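Data first, discussion second: the structure below is written as structure tokens.
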Amino acid sequence: MSEEDKRAQPESDPAARAEGQSNGQPAGAGGQPNDESPSDAARAAGIDPAVDEAGEAPEAEVVADVGEIETLRNALSEAEARAEENWNQFLRARAEMENQRRRAEKDVASARQQSLEKLAGELLAVKDSLEMGVQAARSESADVEKLAEGSELTLRMFEQALDKFNIEAVSPQGERFDPAVHEAMAAQESSEAEPNTVLSVVQKGYRLGERLLRPAMVIVAKAPAQSGGDHADADKGEGNEGG
């Protein structure tokens, strides 16, 4: 074919090509229509079909993400509010416990002070009685019997004061020796008292309720040792029986 025949051959209609492209069937090699869908073509080109031409996700997904973020923010705000409330409750509870501790210490100190005041009041009466007895004993016309009666009266006042505060004497004369409340000063042989019993009380002990204030100082009895003469007589008697 000559050059003139090629120029005379009509070219393909541009309108027909545009119509084919608008129908999604671009001409393939040799002018054949392409059967691939736009999504297949996008995937073949390495483009996510879920993303539009501007590179943005669809509007529905954007709205969902915003809603999820808002939900998380609300949950965080609620958690912070609960944490703040729990912290305030802890501070109030700690302050209340501290106040109770201080009130308890104050009550104990007040009760102790009241007890001391009562005991001091009882002892002051005993002191007054002792001072009167001392003055009477120093006078020229002192009567021994009256002084003894005054001393006995003072002693009864003192014992009454001890009774008011539940203080009792420990005087274990003739009782079994108890190391928990007795303190042995010595052991003395005795044929009348049973061994390991209190033979005599050197000093009384005292207890406050169940608490021991002072143990009683005592002398404990023990069995008498046999003398040498008794052993000799016993041996002689045994020899006579053998003969």
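The numbers here are math on the coordinates, done by the rules we state, and not lab data. Computed from a prediction, not measured in an experiment: that's the story for all the values here. Here Cβ is always computed from backbone atoms with ideal geometry, including for glycine, and neighbour counts include all displayed protein chains.
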Worksheet item: If you take the square roots of the eigenvalues of the alpha-carbon gyration tensor of segment 167-227 and sort them as a ≥ b ≥ c, do you get rounded (a/c under 1.5), prolate (a/b over b/c) or oblate?
Response: prolate
Worksheet entry | Calculated from backbone phi, Karplus (6.51, -1.76, 1.60) coupling profile of segment 203-218 in Hz, x at Gly/Pro | 8, 5, x, 9, 10, 10, x, 8, 9, 7, 7, 7, x, 7, 8, 9
Worksheet item: Roughly speaking, what is the stretch gain from residue 166 to residue 93, that is 0.36 nm per residue apart minus the C-alpha to C-alpha distance, in nm to one decimal?
Response: 22.3 nm
Response to the item:
Amide H proximity to residue 200 below 5 Å, modelled H, separation 5+ or other chain, gives 219
Worksheet, complete the sentence: The answer for the net charge of residues other than residue 195 whose Cβ lies under 15 angstrom from its Cβ, with Lys and Arg +1 and Asp and Glu -1, is -3
Fill in: Gain on full stretching of the segment that runs from residue 142 to residue 81 - 0.36 nm per residue minus C-alpha separation
13.1 nm
Worksheet item: If amide H atoms are built 1.01 Å from N in the plane of the peptide, which residues on other chains or at least 5 residues away come under 5 Å of the amide H of residue 188?
Response: 220, 221, 222
Worksheet item: By its C-alpha gyration tensor, with a ≥ b ≥ c as the square roots of the eigenvalues, how is segment 88-189 shaped: rounded for a/c under 1.5, else prolate for a/b larger than b/c, else oblate?
Response: oblate
Worksheet item: Can you list the HN-Hα couplings for segment 183-189, worked out from phi with the Karplus curve (6.51, -1.76, 1.60; θ = phi - 60°), rounded to whole Hz and with x for Gly and Pro?
Response: 10, 6, 8, 6, 10, 10, 5
Worksheet item: Amide H to amide H, which residues 5 or more places from residue 183 or on other chains are under 5 Å from it, using H placed in the peptide plane?
Response: 216, 217, 218
Fill in: Cα-projected label distance for residue 114 with residue 71, points at 7 Å along beta-carbon direction, nm
6.4 nm
Worksheet, complete the sentence: If the label point sits 7 Å along Cα→Cβ of residue 156, residues of segment 104-148 with amide N under 20 Å come out as 122-134, 136-137, 143-148
